[in-house]
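Here's the structure, in structure tokens; my notes come after.
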Amino acid sequence: MKATGPLSGIKILDFTHVLSGPFASALLGDLGADIIKIESPVGDSTRWAIPPSIEGESSYFFCVNRNKRSMVLDLKQPGASDIIKQMVKTCDVVMENFRPGVMDRLGIGHDDLIAIKPDLIYTSMSAFGKKGPYKDRPGYELIVQALTGLIDITSPENGPPAKIQIQVVDLCTGMFLAYATLAALYHKLGTGEGQQVETSLLESTLAMTANLSAIYFMSGKVPSKMASRNPQTVPSQVFKTRDSHFAFVGRWEKFCRALGREAWATHPDYSQNQYRVEHYSEMETMIESVTVTRTTDEWLQIFAEHDLAANRINTMEEAFADPGVQAVDMIRTVRHSRAGDIQIMDKPWRLSATPGEIRYPPPAYGEHTTEILKEFGFTQADVDDLKENKVLYGS
């Protein structure tokens with residue numbers, strides 16, 4: 001299918017699996033790149049992360065594998081690396097997120113492939129980087145959230161440790177990898193040079209601590225047990241109401257007027273953001289003594305009248321029913337070869353000249369194996385022989 005995105009014509013061999021790497025390649029596919037997903041004989045592990053599923057097809061796999069074609073290859077079999085070395089001659093990028101050293105042992109590491117294609121961009125993602133005491137450890141979202149302080153920062157003050165349920169470590173690392181790969185492609189466009197691109201879950205998550213690590217570096221204070229609080233400004237958090245909660249961010253003076261507590265706006269202490277931050281618990285108790293007197297709907301109406309930013313705490317069902325969410329038109333219905341019509345997220349950007357599109361639904365296991373190999377010059381007899389010898393799988 002013809003691509004309309006700015007990466008149309010870019011061909012990527014994608015060895016990534018689970019969430020972080022596939023999210024990175026999906027983003028590049030959204031921009032028009034031809035993503036060839038190389039899966040093992042057991043398939044990407046997210047294929048079997050059920051429930052939920054439709055006809056055995058997993059929602060987890062669907063979420064980050066749009067705009068890809070699937071080829072199943074047993075990289076441990078003799079001759080498998082030769083197939084990759086043939087394919088890479090006409091590819092622009094190789095992407096992988098195995099533990100350090102795995103691709104080298106398979107004979108398709110960076111040095112193996114740049115010897116064949118010197119201008120190749122070879123992008124790698126690991127859990128903890130390629131050096132240091134954790135480089136050979138398995139790495140997962142929860143483990144990295146724990147290691148980097150995210151769980152401690154976001155847990156409630158008097159409650160048990162609470163993971164951020166959005167997979168921020170995996171997804172943001174995927175975005176960083178896609179971002180760096182685009183930079184390498186731009187460099188290649190101007191110079192003809194390929195290069196190696198690397199990131200890790202650990203480095204990406206540390207980068208995301210941004211203002212929180214800056215607080216620690218400058219003051220030595222440790223942001224901890226913040227729940228919904230903002231460590232640098234008040235009011236910016238969730239507050240209780242008579243029947244539920246609301247989220248609020250806004251100027252102190254306007255907030256005080258909306259609460260009917262104009263005197264707080266000019267109070268010698270309360271009017272100073274530094275005081276409010278340093279006396280967070282005191283301020284929260286004082287504010288909630290007012291907010292619990294009305295319902296969430298009542299407060300949202302008042303805040304709207306004062307042009308203040310506030311929102312109820314939606315469930316996911318409520319979020320997708322919200323007119324503001326519906327207005328950005330992020331949900332796409334596509335036809336899957338086994339599961340039928342499915343809903344997936346669209347790309348979260350718009351380009352006026354090269355918009356890109358969802359060209360392929362998430363692929364079924366090995367759905368494009370034969371199609372892909374024929375594009376790279378393999379004959380039907382070659383494909384049949386490789387399948388007979390358990391090197392290739394799929395249709």
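Test of understanding: what is the full-extension gain from ASN158 to ARG312, defined as 0.36 nm times their sequence separation minus their Cα-Cα distance? Display every interim value, and only then the final one.
Values: separation 154, 0.36 × 154 = 55.44 nm, distance 2.31 nm.
Separation in residues times 0.36 nm, less the Cα-Cα distance, equals 53.1 nm.
Relative to the present Cα-Cα distance, how much length would full extension add between GLN380 and SER45 at 0.36 nm per residue of separation? Intermediate results must be reported in sequence, preceding the final value.
Numbers: separation 335, 0.36 × 335 = 120.60 nm, distance 2.87 nm.
Stretched fully, the GLN380-SER45 segment lengthens by 117.7 nm.
With both partners inside the chain, how many of the DSSP beta bridges are antiparallel, as a percent to the nearest 5?
Details: 19 of 41 bridges.
Counting only bridges with both partners in the chain, antiparallel ones make up about 45 percent.
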Exercise for review: Obtain the nm distance between the two label points defined at VAL249 and ALA207 by a simple spin-label model: each point lies 7 Å from its Cα along the Cα-to-C-beta direction.
Suggested key: 2.1 nm
Study note, to complete from the structure: Excluding residues fewer than 8 positions from LYS374 in its own chain, the lysines with Cα under 26 Å of it are LYS2, LYS11, LYS37, LYS68, LYS76, LYS85, LYS89, LYS117, LYS387, LYS390
Exercise for review: Quickly work out the GLU298-to-GLN272 label distance, labels modelled 7 Å from Cα along the C-beta direction, and quote it in nm with one decimal.
Suggested key: 3.4 nm
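Using the Kyte-Doolittle scale, find the helices of the chain whose mean hydropathy is at least 0.5 and whose Cα atoms extend 30 Å or more along the helix's long axis, counting only whole DSSP H runs. Write out the running numbers ahead of the final one.
Details: long enough: 168-191 (34 Å, 1.07).
In the chain, the long hydrophobic H runs are 168-191.
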Point to revise | Kirkwood Rh, Cα atoms: Rg over Rh of region 266-355 | key: 1.19
Review point. Rg to Rh for region 326-376: what is it, with Cα atoms only and Rh by Kirkwood?
Key: 1.07
Review point. Based on the Cβ-Cβ distance from ILE166 to ASP82, what FRET efficiency comes out when R0 is 45 Å, to the nearest 0.05?
Key: 0.65
Review point. How long is the gain from VAL238 to GLU388 if the chain were fully straight, where each residue apart is worth 0.36 nm and the alpha carbon distance is subtracted?
Key: 48.0 nm
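Mind giving me the FRET efficiency for GLN196 and THR90? R0 is 25 Å, r the Cβ-Cβ distance, nearest 0.05 is fine.
Numbers: r = 20 Å, r/R0 = 0.79.
Step by step, r from the Cβ atoms, then E = 0.80.
Tell me, what is the Rg over Rh of the chain, with Rh the Kirkwood radius over Cα pairs? Don't skip to the end; give the middle numbers.
Numbers: Rg = 25.2 Å, Rh = 24.0 Å.
That ratio equals 1.05.
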Review point. All other residues with a Cβ under 13 Å from the Cβ of LYS130 taken together, and with Lys, Arg as +1 and Asp, Glu as -1, what is their net charge?
Key: -1
Practice item. Could you go through region 56-62 in sequence order and give the Karplus-derived ³J(HN,Hα) for each residue, using 6.51 cos²θ - 1.76 cosθ + 1.60 with θ = phi - 60°, rounded to whole Hz, and x for Gly and Pro? Key: x, 9, 8, 5, 4, 5, 4
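Values in this text are rule-based calculations from the coordinates and carry no lab data. These numbers come from a predicted model, not from an experiment. Neighbour counts are summed over all protein chains in view; Cβ atoms, including those assigned to glycine, are modelled from backbone coordinates with ideal geometry.
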